[in-house]
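These notes concern the structure reproduced below.
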Amino acid sequence: MKMKSVGLVLAGAVSATVLWQAFSGAIAASNSDTYKQLNLFGDVFDRVRSDYVEPPDEEKMIEAAIDGMLTSLDPHSSYMNAKRFQEMQVQTKGEFGGLGIEVTMENGLVKVVSPIDDTPAAKAGILANDLIIKLDGAEVQGLSLNEAVDKMRGKVNTPITLTVARQGAKEPLEFKLVRDIIRVKSVKFEVEGPQKDVGYIRISSFTEQTQEGLDQAISQLRKDAGDKLKGYIIDMRNNPGGLLDQAISVSDTFLDRGEIVSTRGRNADETQRFNAQKGDGSDGKPVVVLINGGSASASEIVAGALQDHKRAIVIGTRSFGKGSVQTIIPLGSQGALRLTTARYYTPAGRSIQAKGIDPDTVIEQELPPELLGKDTSTKGEASLKGHLTNEGGGDEGGGSSAYIPEDKTKDLQLKAAIDVLHGVKVATNAKPKEAAKPNQKPDGSADETNAN
(Lines give C-alpha, C1' and ligand atoms only; values in the text may rest on other atoms or scores of the structure.)
Protein backbone atom coordinates (compact mmCIF):
# COMPACT_ATOMS: atom_id res chain seq x y z
CA MET A 1 0.00 0.00 0.00
CA LYS A 2 2.82 2.39 0.83
CA MET A 3 4.46 1.84 -2.58
CA LYS A 4 1.13 2.42 -4.32
CA SER A 5 0.58 5.67 -2.42
CA VAL A 6 4.02 6.93 -3.36
CA GLY A 7 3.35 6.04 -6.99
CA LEU A 8 0.17 8.11 -6.94
CA VAL A 9 2.00 11.10 -5.53
CA LEU A 10 4.70 10.85 -8.19
CA ALA A 11 2.11 10.50 -10.90
CA GLY A 12 0.42 13.61 -9.68
CA ALA A 13 3.74 15.45 -9.75
CA VAL A 14 4.39 14.43 -13.36
CA SER A 15 0.90 15.41 -14.51
CA ALA A 16 1.32 18.80 -12.81
CA THR A 17 4.43 19.59 -14.87
CA VAL A 18 2.46 21.20 -17.69
CA LEU A 19 0.54 23.36 -15.23
CA TRP A 20 3.76 24.36 -13.48
CA GLN A 21 5.30 25.44 -16.77
CA ALA A 22 2.25 27.56 -17.48
CA PHE A 23 2.39 29.32 -14.14
CA SER A 24 6.15 29.45 -13.61
CA GLY A 25 6.52 32.66 -15.61
CA ALA A 26 3.94 34.45 -13.48
CA ILE A 27 5.47 33.16 -10.25
CA ALA A 28 8.94 34.22 -11.35
CA ALA A 29 7.67 37.68 -12.20
CA SER A 30 5.98 38.09 -8.80
CA ASN A 31 9.15 37.01 -7.03
CA SER A 32 11.54 39.05 -9.13
CA ASP A 33 11.58 42.00 -6.71
CA THR A 34 12.34 39.64 -3.82
CA TYR A 35 15.24 38.08 -5.74
CA LYS A 36 16.58 41.55 -6.51
CA GLN A 37 16.54 42.39 -2.82
CA LEU A 38 18.37 39.15 -2.00
CA ASN A 39 20.95 40.03 -4.64
CA LEU A 40 21.26 43.45 -3.02
CA PHE A 41 21.91 41.80 0.33
CA GLY A 42 24.61 39.66 -1.24
CA ASP A 43 26.22 42.74 -2.83
CA VAL A 44 26.24 44.63 0.48
CA PHE A 45 27.62 41.63 2.36
CA ASP A 46 30.47 41.22 -0.17
CA ARG A 47 31.29 44.93 -0.04
CA VAL A 48 31.43 44.96 3.77
CA ARG A 49 33.49 41.78 3.84
CA SER A 50 36.04 43.18 1.40
CA ASP A 51 36.17 46.91 2.26
CA TYR A 52 35.32 47.36 5.96
CA VAL A 53 38.10 49.04 7.93
CA GLU A 54 38.74 45.83 9.90
CA PRO A 55 38.11 42.19 8.93
CA PRO A 56 34.51 41.60 10.09
CA ASP A 57 33.24 38.47 11.81
CA GLU A 58 31.21 37.01 8.95
CA GLU A 59 29.27 34.61 11.15
CA LYS A 60 28.15 37.47 13.40
CA MET A 61 27.18 39.53 10.36
CA ILE A 62 24.90 36.78 9.08
CA GLU A 63 23.38 36.22 12.53
CA ALA A 64 22.74 39.94 12.96
CA ALA A 65 21.10 40.13 9.52
CA ILE A 66 18.80 37.20 10.28
CA ASP A 67 17.94 38.58 13.72
CA GLY A 68 17.26 42.00 12.23
CA MET A 69 14.87 40.48 9.72
CA LEU A 70 12.93 38.71 12.48
CA THR A 71 12.89 41.54 15.01
CA SER A 72 11.51 43.85 12.32
CA LEU A 73 8.36 41.69 12.28
CA ASP A 74 7.32 42.15 15.91
CA PRO A 75 8.98 42.45 19.36
CA HIS A 76 8.83 38.71 20.09
CA SER A 77 10.28 37.10 16.94
CA SER A 78 14.04 36.55 16.95
CA TYR A 79 16.91 34.32 15.91
CA MET A 80 18.78 32.17 18.41
CA ASN A 81 22.19 30.78 17.54
CA ALA A 82 23.10 27.35 18.88
CA LYS A 83 24.29 28.74 22.20
CA ARG A 84 21.20 30.85 22.85
CA PHE A 85 18.91 28.02 21.77
CA GLN A 86 20.54 25.75 24.31
CA GLU A 87 20.16 28.43 26.99
CA MET A 88 16.47 28.81 26.12
CA GLN A 89 15.95 25.07 26.50
CA VAL A 90 17.64 25.14 29.89
CA GLN A 91 15.53 28.11 30.98
CA THR A 92 12.22 26.47 30.12
CA LYS A 93 13.28 23.51 32.24
CA GLY A 94 13.35 25.92 35.17
CA GLU A 95 17.07 26.22 35.97
CA PHE A 96 19.73 28.48 34.45
CA GLY A 97 22.54 30.83 35.41
CA GLY A 98 22.00 34.57 35.64
CA LEU A 99 20.33 37.40 37.56
CA GLY A 100 16.67 36.44 37.36
CA ILE A 101 15.13 39.17 35.21
CA GLU A 102 12.55 38.88 32.45
CA VAL A 103 13.40 41.60 29.92
CA THR A 104 12.40 43.06 26.58
CA MET A 105 13.87 45.76 24.34
CA GLU A 106 12.42 49.27 24.16
CA ASN A 107 13.95 52.14 22.18
CA GLY A 108 17.35 50.49 22.21
CA LEU A 109 17.35 49.93 25.98
CA VAL A 110 16.69 46.80 28.01
CA LYS A 111 13.36 47.11 29.82
CA VAL A 112 12.51 44.95 32.82
CA VAL A 113 9.19 43.14 32.42
CA SER A 114 9.49 41.65 35.89
CA PRO A 115 12.12 40.24 38.25
CA ILE A 116 11.75 36.56 39.12
CA ASP A 117 10.94 35.81 42.76
CA ASP A 118 13.85 35.07 45.13
CA THR A 119 16.59 35.85 42.62
CA PRO A 120 19.50 38.33 42.84
CA ALA A 121 17.51 40.87 40.79
CA ALA A 122 14.41 40.67 43.00
CA LYS A 123 16.45 40.82 46.21
CA ALA A 124 18.43 43.84 44.97
CA GLY A 125 15.25 45.83 44.31
CA ILE A 126 15.04 45.76 40.51
CA LEU A 127 11.47 46.70 39.54
CA ALA A 128 9.22 46.11 36.56
CA ASN A 129 9.50 48.99 34.07
CA ASP A 130 13.12 49.78 35.01
CA LEU A 131 15.32 50.59 32.01
CA ILE A 132 18.79 49.05 32.12
CA ILE A 133 21.08 51.61 30.51
CA LYS A 134 24.53 50.27 31.46
CA LEU A 135 26.10 46.91 32.27
CA ASP A 136 29.34 47.18 34.24
CA GLY A 137 29.57 50.78 33.08
CA ALA A 138 29.21 49.96 29.38
CA GLU A 139 26.29 51.46 27.47
CA VAL A 140 23.49 49.08 26.53
CA GLN A 141 22.42 51.29 23.61
CA GLY A 142 23.53 49.59 20.41
CA LEU A 143 23.32 46.04 21.74
CA SER A 144 20.66 43.61 20.63
CA LEU A 145 18.47 42.06 23.32
CA ASN A 146 20.30 38.75 22.99
CA GLU A 147 23.69 40.46 23.36
CA ALA A 148 22.52 42.28 26.49
CA VAL A 149 21.19 39.05 27.98
CA ASP A 150 24.49 37.32 27.25
CA LYS A 151 26.34 40.02 29.19
CA MET A 152 24.03 39.66 32.18
CA ARG A 153 24.59 35.94 32.30
CA GLY A 154 27.88 34.47 33.43
CA LYS A 155 29.64 32.26 35.95
CA VAL A 156 28.00 31.82 39.32
CA ASN A 157 29.32 34.11 42.10
CA THR A 158 30.68 36.71 39.66
CA PRO A 159 29.58 40.33 40.18
CA ILE A 160 27.91 42.70 37.77
CA THR A 161 26.73 46.29 38.14
CA LEU A 162 23.47 47.38 36.54
CA THR A 163 22.78 51.06 35.96
CA VAL A 164 19.05 51.63 35.85
CA ALA A 165 16.88 54.56 34.81
CA ARG A 166 13.71 54.55 36.90
CA GLN A 167 10.66 56.69 36.32
CA GLY A 168 10.64 59.52 38.86
CA ALA A 169 14.28 59.07 39.93
CA LYS A 170 16.40 62.18 39.29
CA GLU A 171 19.59 60.21 38.71
CA PRO A 172 20.29 56.70 37.37
CA LEU A 173 20.42 54.03 40.07
CA GLU A 174 23.24 51.52 40.44
CA PHE A 175 22.68 47.96 41.61
CA LYS A 176 25.55 45.60 42.38
CA LEU A 177 24.42 42.01 41.92
CA VAL A 178 26.14 38.64 42.15
CA ARG A 179 25.19 36.04 39.57
CA ASP A 180 23.65 32.87 40.90
CA ILE A 181 22.06 29.68 39.65
CA ILE A 182 18.50 30.70 38.95
CA ARG A 183 16.28 27.84 40.00
CA VAL A 184 12.86 28.96 39.04
CA LYS A 185 10.54 27.31 41.49
CA SER A 186 7.56 28.43 39.52
CA VAL A 187 4.96 27.43 42.13
CA LYS A 188 4.93 28.37 45.80
CA PHE A 189 2.07 28.01 48.25
CA GLU A 190 0.91 28.54 51.81
CA VAL A 191 -2.25 28.79 53.84
CA GLU A 192 -3.48 32.38 54.15
CA GLY A 193 -6.22 34.31 55.94
CA PRO A 194 -6.95 35.06 59.61
CA GLN A 195 -8.48 31.60 60.03
CA LYS A 196 -5.80 29.92 57.91
CA ASP A 197 -8.50 28.60 55.59
CA VAL A 198 -7.45 29.99 52.18
CA GLY A 199 -5.07 28.19 49.84
CA TYR A 200 -2.66 30.71 48.36
CA ILE A 201 -0.78 29.54 45.24
CA ARG A 202 1.82 31.78 43.62
CA ILE A 203 2.72 30.92 39.99
CA SER A 204 5.69 33.08 38.96
CA SER A 205 6.28 31.58 35.48
CA PHE A 206 5.23 28.68 33.28
CA THR A 207 8.05 26.15 32.95
CA GLU A 208 8.08 22.39 32.48
CA GLN A 209 7.75 22.07 36.26
CA THR A 210 4.65 24.23 36.74
CA GLN A 211 1.85 21.66 36.56
CA GLU A 212 3.73 19.28 38.83
CA GLY A 213 4.24 22.12 41.31
CA LEU A 214 0.54 23.05 41.15
CA ASP A 215 -0.53 19.47 41.86
CA GLN A 216 1.77 19.34 44.87
CA ALA A 217 0.45 22.70 46.11
CA ILE A 218 -3.21 21.67 45.94
CA SER A 219 -2.49 18.34 47.62
CA GLN A 220 -0.57 19.93 50.50
CA LEU A 221 -3.04 22.78 50.99
CA ARG A 222 -5.86 20.26 51.33
CA LYS A 223 -3.93 18.58 54.13
CA ASP A 224 -2.92 21.84 55.83
CA ALA A 225 -6.35 23.52 55.76
CA GLY A 226 -8.48 20.41 55.96
CA ASP A 227 -12.26 20.70 55.81
CA LYS A 228 -12.18 24.44 56.49
CA LEU A 229 -10.51 25.22 53.14
CA LYS A 230 -12.59 28.03 51.59
CA GLY A 231 -10.94 28.10 48.18
CA TYR A 232 -7.82 29.05 46.27
CA ILE A 233 -6.05 32.25 45.31
CA ILE A 234 -3.99 31.88 42.13
CA ASP A 235 -1.47 34.73 42.16
CA MET A 236 -0.03 35.40 38.69
CA ARG A 237 1.00 39.01 39.23
CA ASN A 238 4.27 39.86 37.48
CA ASN A 239 4.20 36.44 35.81
CA PRO A 240 5.69 37.06 32.33
CA GLY A 241 4.39 33.80 30.86
CA GLY A 242 6.19 30.76 29.47
CA LEU A 243 5.07 27.48 27.94
CA LEU A 244 1.65 27.33 26.27
CA ASP A 245 1.05 23.68 27.18
CA GLN A 246 1.60 24.48 30.86
CA ALA A 247 -0.89 27.36 30.73
CA ILE A 248 -3.45 24.98 29.19
CA SER A 249 -2.73 22.33 31.82
CA VAL A 250 -3.03 24.81 34.71
CA SER A 251 -6.36 26.09 33.34
CA ASP A 252 -7.60 22.50 32.95
CA THR A 253 -6.90 21.88 36.63
CA PHE A 254 -9.77 24.24 37.55
CA LEU A 255 -12.14 23.46 34.65
CA ASP A 256 -14.36 20.45 34.08
CA ARG A 257 -15.31 21.11 30.46
CA GLY A 258 -15.20 23.64 27.66
CA GLU A 259 -12.60 25.44 25.60
CA ILE A 260 -9.50 26.80 27.31
CA VAL A 261 -7.90 28.73 24.46
CA SER A 262 -7.76 28.78 20.68
CA THR A 263 -4.87 29.80 18.48
CA ARG A 264 -5.37 31.20 14.99
CA GLY A 265 -2.54 31.44 12.51
CA ARG A 266 -2.21 33.03 9.12
CA ASN A 267 -4.46 30.47 7.41
CA ALA A 268 -7.87 29.27 8.56
CA ASP A 269 -6.78 25.61 8.58
CA GLU A 270 -4.12 26.41 11.18
CA THR A 271 -6.69 27.15 13.90
CA GLN A 272 -6.29 24.97 17.00
CA ARG A 273 -8.67 24.62 19.94
CA PHE A 274 -7.67 23.26 23.31
CA ASN A 275 -10.41 21.90 25.57
CA ALA A 276 -10.58 20.96 29.23
CA GLN A 277 -10.72 17.31 30.23
CA LYS A 278 -13.46 16.05 32.52
CA GLY A 279 -12.65 16.48 36.20
CA ASP A 280 -11.88 19.52 38.37
CA GLY A 281 -8.60 19.10 40.24
CA SER A 282 -9.66 21.63 42.86
CA ASP A 283 -12.95 19.84 43.66
CA GLY A 284 -14.92 22.85 42.53
CA LYS A 285 -13.65 25.11 45.30
CA PRO A 286 -14.02 28.86 44.66
CA VAL A 287 -11.05 30.47 42.90
CA VAL A 288 -9.75 34.04 42.81
CA VAL A 289 -7.07 35.01 40.27
CA LEU A 290 -4.71 37.94 40.91
CA ILE A 291 -3.18 39.81 37.94
CA ASN A 292 -1.41 43.13 37.32
CA GLY A 293 0.53 44.97 34.64
CA GLY A 294 3.35 42.41 34.77
CA SER A 295 1.03 39.47 34.02
CA ALA A 296 1.63 38.47 30.42
CA SER A 297 1.11 35.77 27.81
CA ALA A 298 0.56 32.36 29.47
CA SER A 299 -0.73 33.96 32.66
CA GLU A 300 -3.26 35.90 30.58
CA ILE A 301 -4.40 32.65 28.95
CA VAL A 302 -5.18 31.18 32.38
CA ALA A 303 -6.86 34.35 33.66
CA GLY A 304 -8.94 34.70 30.47
CA ALA A 305 -10.06 31.07 30.47
CA LEU A 306 -11.17 31.05 34.11
CA GLN A 307 -12.81 34.45 33.73
CA ASP A 308 -14.78 33.54 30.58
CA HIS A 309 -16.06 30.32 32.16
CA LYS A 310 -16.94 32.27 35.33
CA ARG A 311 -14.81 29.77 37.20
CA ALA A 312 -12.81 32.48 38.94
CA ILE A 313 -13.13 36.09 39.98
CA VAL A 314 -10.21 38.10 38.60
CA ILE A 315 -8.88 40.85 40.90
CA GLY A 316 -6.07 43.37 40.42
CA THR A 317 -5.23 45.67 37.52
CA ARG A 318 -5.17 45.27 33.74
CA SER A 319 -2.66 42.73 32.42
CA PHE A 320 0.18 43.30 29.92
CA GLY A 321 -1.67 42.38 26.71
CA LYS A 322 0.62 39.87 24.96
CA GLY A 323 -1.80 37.84 22.88
CA SER A 324 0.54 36.12 20.42
CA VAL A 325 2.09 32.67 20.26
CA GLN A 326 5.74 32.05 19.41
CA THR A 327 6.86 28.75 17.90
CA ILE A 328 10.43 27.55 18.33
CA ILE A 329 11.66 26.19 14.99
CA PRO A 330 14.98 24.29 15.31
CA LEU A 331 17.53 24.82 12.55
CA GLY A 332 19.71 21.79 13.13
CA SER A 333 23.12 22.77 14.46
CA GLN A 334 22.50 26.43 13.52
CA GLY A 335 20.17 27.26 16.42
CA ALA A 336 16.48 28.07 16.07
CA LEU A 337 13.90 30.67 15.11
CA ARG A 338 11.49 32.10 17.63
CA LEU A 339 8.69 33.05 15.27
CA THR A 340 5.29 34.52 16.02
CA THR A 341 2.93 32.07 14.31
CA ALA A 342 -0.48 32.74 15.82
CA ARG A 343 -2.68 34.93 17.97
CA TYR A 344 -4.54 33.34 20.84
CA TYR A 345 -8.14 33.89 21.86
CA THR A 346 -9.99 33.30 25.12
CA PRO A 347 -12.99 30.89 25.19
CA ALA A 348 -15.33 33.82 24.50
CA GLY A 349 -13.34 34.67 21.36
CA ARG A 350 -11.54 37.67 22.86
CA SER A 351 -8.11 38.64 21.64
CA ILE A 352 -6.19 40.38 24.39
CA GLN A 353 -3.38 41.43 22.02
CA ALA A 354 -2.34 45.00 22.92
CA LYS A 355 -5.38 45.24 25.21
CA GLY A 356 -4.90 42.91 28.16
CA ILE A 357 -7.30 41.22 30.56
CA ASP A 358 -9.46 43.57 32.58
CA PRO A 359 -10.12 42.33 36.13
CA ASP A 360 -13.67 41.78 37.37
CA THR A 361 -12.76 44.02 40.30
CA VAL A 362 -10.00 46.60 39.95
CA ILE A 363 -7.96 46.95 43.13
CA GLU A 364 -4.97 49.29 43.06
CA GLN A 365 -2.12 49.10 45.54
CA GLU A 366 -1.24 52.00 47.81
CA LEU A 367 2.26 53.19 46.99
CA PRO A 368 4.81 53.76 49.76
CA PRO A 369 6.12 57.33 50.26
CA GLU A 370 9.28 56.67 48.24
CA LEU A 371 7.21 55.72 45.16
CA LEU A 372 4.53 58.40 45.36
CA GLY A 373 4.39 60.43 42.17
CA LYS A 374 6.48 57.84 40.31
CA ASP A 375 5.29 55.63 37.48
CA THR A 376 5.16 52.00 38.64
CA SER A 377 3.15 50.88 35.61
CA THR A 378 4.15 48.69 32.74
CA LYS A 379 3.10 50.30 29.48
CA GLY A 380 2.01 46.95 28.13
CA GLU A 381 2.31 45.30 24.74
CA ALA A 382 0.76 48.34 23.06
CA SER A 383 3.84 50.40 23.93
CA LEU A 384 6.30 48.03 22.21
CA LYS A 385 7.57 49.18 18.85
CA GLY A 386 6.27 47.04 15.99
CA HIS A 387 3.71 45.15 18.09
CA LEU A 388 0.89 43.30 16.37
CA THR A 389 -2.38 45.21 16.35
CA ASN A 390 -5.58 43.74 17.74
CA GLU A 391 -7.67 42.36 14.87
CA GLY A 392 -10.84 43.38 16.69
CA GLY A 393 -9.85 47.03 16.47
CA GLY A 394 -10.77 49.52 19.16
CA ASP A 395 -8.53 51.38 21.56
CA GLU A 396 -5.28 49.73 22.50
CA GLY A 397 -4.21 49.51 26.12
CA GLY A 398 -2.75 46.86 28.37
CA GLY A 399 -0.34 47.25 31.21
CA SER A 400 -0.89 48.85 34.60
CA SER A 401 0.86 49.09 37.94
CA ALA A 402 3.21 46.20 38.63
CA TYR A 403 3.91 47.15 42.26
CA ILE A 404 3.40 44.50 44.95
CA PRO A 405 4.30 45.39 48.56
CA GLU A 406 6.70 42.99 50.25
CA ASP A 407 4.66 43.26 53.43
CA LYS A 408 1.60 41.07 52.84
CA THR A 409 -0.40 43.04 55.41
CA LYS A 410 -0.22 46.00 52.99
CA ASP A 411 -1.14 43.96 49.91
CA LEU A 412 -4.63 45.28 49.12
CA GLN A 413 -5.15 42.90 46.20
CA LEU A 414 -4.36 39.84 48.32
CA LYS A 415 -6.60 41.14 51.12
CA ALA A 416 -9.46 41.63 48.64
CA ALA A 417 -9.02 38.07 47.36
CA ILE A 418 -9.19 36.66 50.89
CA ASP A 419 -12.30 38.73 51.61
CA VAL A 420 -14.02 37.42 48.47
CA LEU A 421 -13.39 33.82 49.51
CA HIS A 422 -14.95 34.64 52.87
CA GLY A 423 -18.07 35.97 51.20
CA VAL A 424 -17.29 39.65 51.75
CA LYS A 425 -18.41 41.96 48.95
CA VAL A 426 -15.41 43.81 47.53
CA ALA A 427 -15.70 47.06 45.58
CA THR A 428 -13.08 48.66 43.37
CA ASN A 429 -10.82 51.27 44.93
CA ALA A 430 -9.73 52.68 41.57
CA LYS A 431 -10.14 56.41 41.23
CA PRO A 432 -12.48 57.39 38.38
CA LYS A 433 -10.67 58.82 35.37
CA GLU A 434 -11.04 62.54 34.92
CA ALA A 435 -13.08 63.61 31.92
CA ALA A 436 -11.01 65.23 29.18
CA LYS A 437 -11.24 69.01 29.18
CA PRO A 438 -12.37 70.86 26.04
CA ASN A 439 -9.66 70.81 23.37
CA GLN A 440 -7.94 67.96 25.26
CA LYS A 441 -7.38 64.44 24.03
CA PRO A 442 -8.03 61.37 26.23
CA ASP A 443 -4.28 61.05 26.88
CA GLY A 444 -4.22 64.56 28.36
CA SER A 445 -2.53 66.29 25.44
CA ALA A 446 -4.14 69.25 23.70
CA ASP A 447 -4.79 69.73 20.03
CA GLU A 448 -2.64 72.38 18.40
CA THR A 449 -4.29 75.73 17.65
CA ASN A 450 -2.99 78.44 15.41
CA ALA A 451 -3.41 82.14 16.20
CA ASN A 452 -3.97 84.25 13.08
Original post:
What do you reckon, is residue 179 out of contact with any helix residue (DSSP H, G or I) (no Cβ under 6 Å at 6 or more places or on another chain), among the basic types (Lys, Arg) and in the same structural domain as residue 155 (by TED's automatic domain parsing)?
Top reply: yes
Original post:
Taking residue 229, is it more than 23 Å from residue 351 (Cα to Cα) and not assigned by TED's automatic domain parsing to the domain that holds residue 114?
Top reply: yes
Original post:
residue 220 is checked against (1) at pLDDT below 95; (2) touching a Phe, Trp or Tyr at 6+ places or on another chain (Cβ under 8 Å) and fails just one. What number does that condition carry?
Top reply: (1)
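Residues that are at pLDDT 95 or above, within 22 Å of the chain's Cα centre (by Cα) and not aliphatic (A, V, I, L, M): find the strands (runs of 3 or more DSSP E) completely inside segment 285-372 holding 2 or more of those.
Strands (runs of 3 or more DSSP E) meeting the threshold: 324-330, 336-345.
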Original post:
Residues in segment 256-263: is at least one closer than 30 Å to residue 377 by Cβ and free of Cβ contacts under 8 Å to residues at least 40 places away in the same chain?
Top reply: no
Subject >> All strands (runs of 3 or more DSSP E) inside segment 82-140 with 1 or more residues being in contact with a Lys or Arg (Cβ under 7 Å, 6 or more places away or on another chain), at positive phi and not β-branched (Val, Ile, Thr) >> reply: 95-98
Original post:
Can we say residue 407 is of a type in the set (Asp, Glu), modelled with pLDDT of 95 or more and surrounded by fewer than 22 Cβ atoms within 10 Å (Cβ to Cβ)?
Top reply: no
**OP:** Sort through 260, 233 and tell me the only one that's under 30 Å from residue 130 (Cα atoms) and in a strand (DSSP E or B).
**Re:** 233
Original post:
Somewhere in segment 290-305, is a residue touching a residue at least 60 places away in the same chain (Cβ under 8 Å), in the same structural domain as residue 222 (by TED's automatic domain parsing), surrounded by fewer than 20 Cβ atoms within 10 Å (Cβ to Cβ) and over 14 Å from residue 345 (Cβ atoms)?
Top reply: no
Original post:
Can we say residue 177 is assigned to a loop (DSSP other than H, G, I, E, B), hydrophobic (A, V, I, L, M, F, W, C) and surrounded by 14 or more Cβ atoms within 10 Å (Cβ to Cβ)?
Top reply: no
Subject >> Any chance residue 245 is farther than 20 Å from residue 278 by Cα and surrounded by fewer than 23 Cβ atoms within 10 Å (Cβ to Cβ) >> reply: no
Original post:
Is it true that some residue in segment 137-145 is in contact (Cβ under 8 Å) with a residue 40 or more places away in the chain, surrounded by 21 or more Cβ atoms within 10 Å (Cβ to Cβ) and either β-branched (Val, Ile, Thr) or touching a strand residue (DSSP E or B) at 6+ places or on another chain (Cβ under 8 Å) (or both)?
Top reply: no
**OP:** Name every residue in segment 319-348 that is within 22 Å of residue 273 (Cβ to Cβ), without any contact (Cβ under 8 Å) to a residue 60 or more places away in the chain and out of contact with any helix residue (DSSP H, G or I) (no Cβ under 7 Å at 6 or more places or on another chain), in order of residue number.
**Re:** 327
Original post:
Is it the case that some residue within segment 162-177 is at pLDDT below 90 and touching a strand residue (DSSP E or B) at 6+ places or on another chain (Cβ under 8 Å)?
Top reply: no
**OP:** Scan segment 272-303 residue by residue and report those that are out of contact with any Gly (no Cβ under 7 Å at 6 or more places or on another chain) and of a type in the set (Ser, Thr, Tyr).
**Re:** 282, 295
**OP:** Report yes if some residue within segment 149-164 is closer than 29 Å to residue 82 by Cβ, surrounded by fewer than 19 Cβ atoms within 10 Å (Cβ to Cβ) and within 19 Å of the chain's Cα centre (by Cα); otherwise report no.
**Re:** yes
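The values are calculated or read from the model by the stated rules, or taken from the named source; none is laboratory data. Since we're looking at a predicted model, the values are computed, not measured. Please note: Cβ atoms are built from the backbone with ideal geometry, for glycine as well, and neighbour counts cover all protein chains shown.
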